[in-house]
Amino acid sequence: SLAPTAVTCFTRGLDLRKETEDVLCPANCPLWQFYVFGDGVYASLSSICGAAIHSGVITNAGGAVRIQTLPGQENYAAVNANGIQSQVLTRWASSFSVTRTTNTALEAVGRSVSTARPSTGKRPKKTLDKKAGNKDCKADIAFLIDGSYNIGQRRFNLQKNFVGKVAVMLGIGTEGPHVGVVQASEHPKIEFYLKNFTTAKEVLFAIKELGFRGGNSNTGKALKHTAQKFFSLENGARKGIPKIIVVFLDGWPSDDIEEAGIVAREFGVNVFIVSVAKPTTEELGMVQDIGFVDKAVCRNNGFFSYQMPTWFGTTKYVKPLVQKLCSHEQMLCSKTCYNSVNIGFLIDGSSSIGDSNFRLVLEFISNVAKAFEISDIGSKIAAVQFTYDQRTEFSFTDYTTKEKVLSAIRNIRYMSGGTATGDAISFTTRNVFGPMKDGPNKNFLVVLTDGQSYDDVRGPAAAAQKAGITVFSVGVAWAPLDDLKDMASEPRESHTFFTREFTGLEQMVPDIIRGICKDFLDSKQ
């Protein structure tokens, strides 16, 4: 038949079977939800209609498109075009291109076919809702299933059935929850990502296909890996949607789970633990840490831990778990040090530093800033340079993207002059942090200096701390340790840094980031 196949907004290139196919895209697809990888040539996991709008073949009014299947390639580019931001992909096994259909009659036929459905009754509306999923349960969820010898093949299959039932009840869809699965065993394996499937049917099929891996139940290792690697934007995580890991544990973990819990909290992931068949009294001696559940979950308040006596007859446990996973307001770990801080850098521009060392200072600042999720609703960065005088290079509200912040840091010009650090701290507290004092983010000031201040630093630093600003002092070369300690917040040892050479700043970057995250977490407890 000449009529193009009607597709949905979210049909992907890999869903088509023919080498060349004419399809009809619907109108009014939500542009922000498209996953498109590449430009001109698109990876086959891209949305067909998204790619067609991105390349300018059709508009959001929909229309007929010809899809040509192509071989896979490397380095699909990220390009913003026609309201759609395509994403980078290093390689994919197959691709497609989109062109206008040559025959306009096709479009007419296609349209008549697509509108020839009965307009009475509520049926089409229901299928549309099914596609969108449960809009009241917006969450990005990783099911971390137990694939160890602890659970064994038979109980592993029962676990898969239970996870499948939970997935169906959640109401997976384009505008509802998205799920993926990671299997914990000797080494963690990401079975599928959030972006791979957007319907319960597809997810159910993927869960059924999972193979049992065996090995030790290194749950800590798998939890850490999932928190760090699973929820990236390119893997389908959505901005501003709660990130959740549901850990299924048969018995107990073979490794340490506490550190993984800390990492997950730092990344803003809400960890739930579903424990089945708790260790018996005889088995408790084999458990590394009896309190492993309380140490791994998002908060030790009872909400994030869930127990089932056995894998048999678990149907009645499905709904209560789903209700927890959909309780948006209970996700206490979604705010993280990476997306909820204001960091002001106070930069010594005195003549003893010199131009090339000043560049190393700016590089240090960039590397710290890079670690944070900078946006209008996320973390914010500001910079002030001082000699005897002060100059606000940019304030917290000037730039709301990481690219613009990094570019502004690169463009800071070296002042050269004396050193009045105390005055500079007072200036920054008043003019840079003052406007932010009632905001939701936690405030940090990083002071960088290479010498003795000509004025008192203790009073201004105490005033800054009283105003709710945590101060880290970073000294280089001739900066006196007493001054650095006088400026730093308590405990002073962990907020004071010193290096003889400017080249040593680079090694401090992870410690500063970790220090900011630790303070942020402590303030939330």
* Structure fact -> The percentage of the accessible area of the chain (probe 1.4 Å, all protein chains present) made up of carbon and sulfur atoms, to the nearest whole number, is 52 percent
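Could you give the length gained on full extension between N157 and K229, defined as 0.36 nm per residue of separation minus the Cα-Cα distance, in nm? Walk me through the numbers on the way to the answer.
Numbers: separation 72, 0.36 × 72 = 25.92 nm, distance 2.59 nm.
Taking N157 through K229 to full extension adds about 23.3 nm, to one decimal.
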* Structure fact -> Note, segment 491-504: 3J(HN,Hα) by Karplus (6.51, -1.76, 1.60, θ = phi - 60°), whole Hz, Gly/Pro = x, goes x, 4, 4, 8, 10, 10, 10, 8, 9, 5, 10, 5, 5, x
* Could you provide, to the nearest whole Å², the per residue accessible area of the chain with probe 1.4 Å? => 46 Å²
* To do: Give the relative contact order (percent, whole number) for segment 452-517; include only Cα pairs under 8 Å separated by 6+ residues.
  => 29 percent
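Summing Lys, Arg as +1 and Asp, Glu as -1, what charge do residues with Cβ under 14 Å from the Cβ of S305 carry, S305 excluded? Can you show the working numbers first?
On the way: positive: K278, K295, R299, K324; negative: D294.
Cβ neighbours under 14 Å give a net charge of +3.
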* To do: Determine the gain in length on full extension of the stretch D482-R359; use 0.36 nm per residue of separation and subtract their C-alpha separation, reporting nm with one decimal.
  => 41.7 nm
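Considering only protein heavy atoms, with the full assembly of protein chains and a 1.4 angstrom probe, order D482, D522, D136 by accessible area, largest first. Each step should come with its number before you reach the end.
On the way: D482 115, D522 80, D136 135 Å².
From most accessible down to least: D136, D482, D522.
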* Asked: What pairs from K404/K442; K201/K224; K229/K404; K221/K316; K138/K243; K138/K518 go past 19 Å between their alpha carbons?
  -> K404/K442; K201/K224; K229/K404; K221/K316; K138/K518
* To do: Using every Cα-Cα pair within segment 140-330, state what percent have a distance larger than 31 Å.
  => 7 percent
* Structure fact -> Against the 2.2 N^0.38 Å rule of thumb, the C-alpha Rg of segment 369-437 sits at a ratio of 1.15
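How large is the translational diffusion coefficient of segment 23-93 in µm² per second when you combine the Kirkwood radius over alpha carbon pairs with Stokes-Einstein at 37 °C and 0.692 mPa s? If you can, show how the numbers build up before the last one.
Details: Rh = 12.0 Å.
Here the translational diffusion coefficient equals 273 µm²/s.
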* Simple label model, 7 Å out from Cα along Cβ direction - S351 to K189, nm -> 6.7 nm
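Taking 0.36 nm per residue of sequence separation and subtracting the Cα-Cα distance, how much length would be gained by fully extending the chain between Q307 and H328, in nm to one decimal? Intermediate values should be presented prior to the final figure.
Numbers: separation 21, 0.36 × 21 = 7.56 nm, distance 2.10 nm.
Taking 0.36 nm per residue and subtracting the Cα distance, the gain is 5.5 nm.
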* Extent along principal axes [Cα atoms of segment 341-522; Å; largest to smallest] -> 38, 32, 29
* Across all directions of projection, what mean area in square nanometres is found for the Cα convex hull of the chain? -> 28.9 nm²
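The values are calculated or read from the model by the stated rules, or taken from the named source; none is laboratory data. The structure displayed is predicted, hence computed values, not measured ones. Here Cβ is always computed from backbone atoms with ideal geometry, including for glycine, and neighbour counts include all displayed protein chains. With ligands, DNA and RNA removed, areas are computed over all heavy atoms of the protein, side chains included. Shrake-Rupley method; radii C 1.70, N 1.55, O 1.52, S 1.80 Å.
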